[in-house]
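Enquirer: My structure is below; once you've seen it, I'll send some questions.
The values are calculated or read from the model by the stated rules, or taken from the named source; none is laboratory data. These numbers come from a predicted model, not from an experiment. For neighbour counting, all protein chains shown are included, and Cβ atoms are generated from backbone atoms with ideal geometry for every residue, glycine included.
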């Protein structure tokens, strides 16, 4: 199945912004934006805090990020969500447990990327609740390559009915 998607932002950060901190204490970790990144099999973005972790990459839906900001009456700032890739055109929960390719880079959708309660401190109260069930996707690279921002083709094996990217999935998990 081929789906047109758009990667609007690619981010990395060398330090944790929330983990290891007191509840609702937000750190000052720098976030870097990239136009393209070279991805290696089994690793995250070079220099990112999750480069060598079990779940090295994260995606968030651009549609969800915009919806959360709109409902909270906040300016759109996707870097606040602390995900590596901001993508539109696909409900990310549909990629859990699937292998997919974007611009020649192979990925495996590992699991749902749940929002953390710190979102309420970073944005405002209500952000965490608005993201539940649509917080994003944890993934790993299975075929190395270069990923760039802009319009891309996402390829998966098998056909499935596309779901609105804004739709919430209760307890998203591997099918």
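Enquirer: How about the stretch 55-97: which of its residues are in contact (Cβ under 8 Å) with a residue 24 or more places away in the chain and part of a loop (DSSP other than H, G, I, E, B)?
Expert: 55, 56, 72, 74, 82, 83, 84, 89, 90, 91, 96, 97
Enquirer: Only one of these is free of Cβ contacts under 8 Å to residues at least 60 places away in the same chain and on the phi < 0 side of the Ramachandran plot: 144, 139, 114, 121. Name it.
Expert: Just one listed residue meets the conditions, 114.
Enquirer: Across the stretch 137-175, which residue is nearest to the chain's Cα centre (by Cα) among those that are surrounded by 16 or more Cβ atoms within 10 Å (Cβ to Cβ) and either at pLDDT below 95 or farther than 28 Å from residue 46 by Cα (or both)?
Expert: 165
Enquirer: Right, next: Within the stretch 64-87, which residues are crowded, with 17+ Cβ neighbours inside 10 Å and either modelled with pLDDT under 95 or in contact with a strand residue (DSSP E or B) (Cβ under 6 Å, 6 or more places away or on another chain) (or both)?
Expert: Passing the criteria: 78, 80, 81, 82, 83, 84, 85, 86, 87.
Enquirer: Quick check on my filter: what residues within the stretch 1-52 are closer than 23 Å to residue 116 by Cβ, in contact with a helix residue (DSSP H, G or I) (Cβ under 8 Å, 6 or more places away or on another chain), surrounded by 13 or more Cβ atoms within 10 Å (Cβ to Cβ) and modelled with pLDDT of 95 or more?
Expert: Matches in the stretch 1-52: 8, 9, 11.
Enquirer: Report yes if residue 158 is outside any loop (DSSP other than H, G, I, E, B) and over 17 Å from residue 84 (Cβ atoms), otherwise no.
Expert: Numbers: outside any loop (DSSP other than H, G, I, E, B): no; over 17 Å from residue 84 (Cβ atoms): yes.
For residue 158, the condition - outside any loop (DSSP other than H, G, I, E, B) and over 17 Å from residue 84 (Cβ atoms) - is not met.
Enquirer: Going through the stretch 99-119 one residue at a time, which ones are crowded, with 18+ Cβ neighbours inside 10 Å and modelled with pLDDT under 95?
Expert: 112, 113, 115, 118, 119
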